């Protein structure tokens, strides 16, 4: 492992226990650098604490759809959904104005280097909101996207499905979801990128703790 290795996380969804377990796993792996592919908030019950933890890391963060939606939500204590834990109305009552400003100002795309390799961080995809990549891209499509955005690798979230697709010249990685899982897999997922022997390499990992929430519960 090189000092350039970059940890990748996405889709925390206000799950502080899952975020802390993931960050502990990343630290245990000896990785100090990282990037976040959006969706820090909503659905979970610790939105303010999650944002504070991520801000303290100093890692680049791309804005996710839940981040953008929460930032646009007004405080409405009397709204019918204000008492529903995890909802946007409920979450808005539990974050500070400073956190709302932070979420609103997050970039849609963030860029970082891993050795000589140019990395683009997005949530739905490099073409921005409303243009999710999905999970069925092939290597040729990844190469075309990477070339169009003048990068060597694209990091996305949104689907919650861990995935690596490598083309001839480009690479796509979705690290999966930190905060939400499925009945059969509740271990948070994360990924990494590294430069080794002149190549950009990627990997996916699972946290050895079943702390991801089940969506809707």
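The values are calculated or read from the model by the stated rules, or taken from the named source; none is laboratory data. Keep in mind it's a predicted model, so treat the numbers as computed, not measured. Every residue, glycine among them, receives a Cβ derived from its backbone with ideal geometry; neighbour counts consider all protein chains shown.
Taken over segment 171-198, the criterion of being part of a loop (DSSP other than H, G, I, E, B), surrounded by fewer than 24 Cβ atoms within 10 Å (Cβ to Cβ) and touching a strand residue (DSSP E or B) at 6+ places or on another chain (Cβ under 9 Å) is satisfied by 183, 186, 187.
Of the residues in segment 67-78, none is in contact (Cβ under 8 Å) with a residue 40 or more places away in the chain and either touching a strand residue (DSSP E or B) at 6+ places or on another chain (Cβ under 8 Å) or farther than 21 Å from residue 9 by Cα (or both).
Scan segment 21-30 and tell me whether some residue there is crowded, with 22+ Cβ neighbours inside 10 Å, within 14 Å of residue 211 (Cα to Cα), at pLDDT 95 or above and within 13 Å of the chain's Cα centre (by Cα). Within segment 21-30, one or more residues are crowded, with 22+ Cβ neighbours inside 10 Å, within 14 Å of residue 211 (Cα to Cα), at pLDDT 95 or above and within 13 Å of the chain's Cα centre (by Cα).
Considering only segment 4-20, state which residues are surrounded by fewer than 22 Cβ atoms within 10 Å (Cβ to Cβ) and either in contact with a helix residue (DSSP H, G or I) (Cβ under 6 Å, 6 or more places away or on another chain) or free of Cβ contacts under 8 Å to residues at least 40 places away in the same chain (or both).
Step one: filter segment 4-20 for residues surrounded by fewer than 22 Cβ atoms within 10 Å (Cβ to Cβ), giving 4, 16-17, 20.
Result: 16, 20.
Name the residues in segment 207-217 that are touching a strand residue (DSSP E or B) at 6+ places or on another chain (Cβ under 9 Å) and surrounded by fewer than 16 Cβ atoms within 10 Å (Cβ to Cβ), would you?
210, 214, 215
Scanning segment 95-119 for residues that are surrounded by fewer than 16 Cβ atoms within 10 Å (Cβ to Cβ), part of a loop (DSSP other than H, G, I, E, B) and either over 18 Å from the mean Cα position of the chain (by Cα) or in contact (Cβ under 8 Å) with a residue 60 or more places away in the chain (or both) yields 96, 116.
Rundown of residues vs (1) surrounded by 14 or more Cβ atoms within 10 Å (Cβ to Cβ); (2) outside any strand (DSSP E or B); (3) over 19 Å from the mean Cα position of the chain (by Cα), yes/no style:
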{"site": "126", "(1), (2), (3)": "yes, yes, no"}
{"site": "130", "(1), (2), (3)": "no, yes, no"}
{"site": "133", "(1), (2), (3)": "yes, yes, no"}
{"site": "143", "(1), (2), (3)": "yes, yes, yes"}
{"site": "147", "(1), (2), (3)": "no, yes, yes"}
{"site": "158", "(1), (2), (3)": "yes, yes, no"}
